[in-house]
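Working notes, beginning with the structure itself.
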Amino acid sequence: MDSAFDLLALSPPGWGGNLLMGLLRTLQIAVGAYALGLVIGLLGALGKLHGGPVLRWGLEFYTTVIRAIPELVLILLLYYAGTDLLNIVRESMGLERMDISGLWAGIYVIGLVQGAYSTEVFRGAFQSVPHGQVEAGRAMGLRPLTVLRRITLPIMLPYALPGLSNLWLITTKDTALLAVVGFSELALETRQAAGATREYFMFYMVAGGLYLAVTLVSTLGFGLLERRLRRGQPSQT
């Protein structure tokens with residue numbers, strides 16, 4: 001019987017390479033989905049705060065529905081319904097049906113989910129910006145985009161960063177849900193390795209260690225970023 005070291009070896013027939021490749025795919029999806037969620041969240045927060053009634057109602061509906069439905073259900077719904085909708089549109093245009101890449105589908109699905117949470121994080125952070133700072137910029141004749149770029153965003157980001165760091169960690173864990181649609185990220189690779197070798201404890205412990213390593217590195221990175229963004233601000237106790 002192969003030893004634990006042999007089973008985790010990076011060369012065949014070991015499964016170490018598979019786990020590392022799964023971790024790479026997990027990080028690819030997490031980074032892409034997180035970036036998409038940030039864009040959606042920033043635009044959504046601005047729309048909620050400064051948009052018209054119809055836009056605000058639509059964004060409220062989006063954030064409420066996404067946060068109310070379990071993420072596993074959303075992933076199944078968005079993955080399959082989104083693929084069918086895309087192919088219906090393509091067929092109506094006289095184009096052939098297509099299979100969506102698992103990588104891009106994962107980014108799209110998790111990004112839409114995280115966008116709802118990012119919207120609320122950014123909205124709360126925007127509301128924490130002292131109104132006098134914004135008024136002072138306008139009084140100096142700065143354009144709205146300049147006020148946003150030079151005043152609002154630098155003040156808002158330190159308030160948003162703790163929530164955004166939590167969303168990043170949630171995003172990395174949400175990638176494991178893509179195993180239900182057959183995408184080979186770390187969770188699915190671990191399940192396949194454990195099923196093939198019957199070494200369930202060892203492989204799931206290794207997978208847990210890899211997720212923990214990502215969390216520790218991410219926490220350190222966000223901590224350094226937060227200290228940098230808060231330079232010159234009063235220290236918080």
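Below, the figures for the structure above:
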{"read-out": "The range 203-225, residues that are surrounded by 15 or more Cβ atoms within 10 Å (Cβ to Cβ) and not small (Gly, Ala, Ser)", "value": "203, 204, 206, 210, 211, 214, 222, 225"}
{"read-out": "Filtered residues of the range 128-164 (kept if of a type in the set (Val, Ile, Thr) and in contact with a Ser or Thr (Cβ under 9 Å, 6 or more places away or on another chain))", "value": "129, 134, 155"}
{"read-out": "Total residues in the range 179-214, condition of a type in the set (A, V, I, L, M, F, W, C) and either in contact with a Ser or Thr (Cβ under 7 Å, 6 or more places away or on another chain) or under 22 Å from residue 41 (Cα atoms) (or both)", "value": "4"}
{"read-out": "Number of the condition not met by residue 182 [criteria: (1) surrounded by fewer than 17 Cβ atoms within 10 Å (Cβ to Cβ); (2) over 23 Å from residue 104 (Cα atoms)]", "value": "(2)"}
{"read-out": "Selection count, the range 48-63, where residues are out of contact with any Asp or Glu (no Cβ under 8 Å at 6 or more places or on another chain) and either crowded, with 17+ Cβ neighbours inside 10 Å or touching a residue at least 24 places away in the same chain (Cβ under 8 Å) (or both)", "value": "3"}
{"read-out": "Residue within the range 86-100 that is part of a helix (DSSP H, G or I), in contact with a helix residue (DSSP H, G or I) (Cβ under 8 Å, 6 or more places away or on another chain) and surrounded by 11 or more Cβ atoms within 10 Å (Cβ to Cβ) present", "value": "no"}
{"read-out": "Subset of the range 129-150 that is modelled with pLDDT under 80 and surrounded by 16 or more Cβ atoms within 10 Å (Cβ to Cβ) - its residue that is farthest from residue 223 (Cα to Cα)", "value": "142"}
{"read-out": "Odd one out for residue 158, checked against (1) surrounded by 16 or more Cβ atoms within 10 Å (Cβ to Cβ); (2) farther than 25 Å from residue 121 by Cβ", "value": "(2)"}
{"read-out": "Test result for residue 132, of a type in the set (Gly, Ala, Ser), part of a helix (DSSP H, G or I) and under 23 Å from residue 179 (Cα atoms)", "value": "no"}
{"read-out": "Count of the range 76-121 residues which are in contact with a Gly (Cβ under 6 Å, 6 or more places away or on another chain) and either more than 14 Å from residue 62 (Cα to Cα) or at pLDDT below 80 (or both)", "value": "2"}
{"read-out": "Residue within the range 27-49 that is assigned to a helix (DSSP H, G or I), modelled with pLDDT under 85 and of a type in the set (Gly, Ala, Ser) present", "value": "no"}
{"read-out": "Per-region count, the range 64-80, residues touching a residue at least 60 places away in the same chain (Cβ under 8 Å) and either touching a His at 6+ places or on another chain (Cβ under 7 Å) or surrounded by 14 or more Cβ atoms within 10 Å (Cβ to Cβ) (or both)", "value": "4"}
{"read-out": "Yes/no for residue 83 being farther than 29 Å from residue 21 by Cβ, β-branched (Val, Ile, Thr) and assigned to a helix (DSSP H, G or I)", "value": "no"}
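The values are calculated or read from the model by the stated rules, or taken from the named source; none is laboratory data. Please read all numbers here as calculations on a predicted model, not as lab measurements. Reconstructed Cβ throughout: ideal geometry from the backbone, glycine too, with neighbour counts over all protein chains shown.
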